[in-house]
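The values are calculated or read from the model by the stated rules, or taken from the named source; none is laboratory data. For clarity, every value in this text was computed on a predicted model and none was experimentally measured. Don't worry about glycine lacking a Cβ; one is built from the backbone with ideal geometry, like all the others, and counts go over all protein chains shown.
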Amino acid sequence: MSAGVWVLLAAVAATLVFGLVWRAREGRVRATADHDDEGTALDHFPAELRQRLDDEPSADVTLVQFSTTFCAPCRHTRILLADFAERTDGVHHVDIDLTDHPEWSTPLGVHRTPTTLALDGAGREIFRVAGVPRREELGSALRPFLP
């Protein structure tokens, strides 16, 4: 075989491996490192966002979804999380559109949309999900934090 064929095969193999890794990580719950009791996740939130979250009804867990206007998976995530919150006692869903506030993404560590942060009642980040969450995994991860 010629060198060009080997290069093509290597490129296809690399793309396949990358795709499989991406798919395996998509929508997975990633636990967040423990926060100390003195600070909360809300401490590093921009003031306007912090105020918006303070104005929301209190809940055992708040699912904060970060979206953008033209993000197709964001619409699916919005429907999934709103339905999940409606059916689950103690869970509240808030959708934040980063289109008008892209500067918020860096301090929050949101590098793609949709990204969902799960905050406990004190505002500490429990976990985050990049991509469309998997409903079963989301329920399992939240179970210890709900009544």
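Quick one: residue 138 ticks every box in (1) free of Cβ contacts under 8 Å to residues at least 60 places away in the same chain; (2) surrounded by 15 or more Cβ atoms within 10 Å (Cβ to Cβ) except a single one, so which number is it?
Exception for residue 138: condition (1).
Cβ contacts < 9 Å: first residue within 11 Å of residue 64 (Cβ to Cβ) and in contact (Cβ under 8 Å) with a residue 40 or more places away in the chain, restricted to segment 85-102; second residue of a type in the set (Asp, Glu) and surrounded by fewer than 19 Cβ atoms within 10 Å (Cβ to Cβ), any location; separation 6+ or different chain. Result?
Qualifying pairs under 9 Å: 94/56.
Exactly one condition in (1) surrounded by fewer than 16 Cβ atoms within 10 Å (Cβ to Cβ); (2) at pLDDT 90 or above; (3) within 14 Å of residue 50 (Cα to Cα) is false for residue 144; which is it?
Against the list (1) surrounded by fewer than 16 Cβ atoms within 10 Å (Cβ to Cβ); (2) at pLDDT 90 or above; (3) within 14 Å of residue 50 (Cα to Cα), residue 144 comes up short only on (3).
Has segment 82-100 got any residue that is at pLDDT below 90 and surrounded by fewer than 19 Cβ atoms within 10 Å (Cβ to Cβ)?
yes
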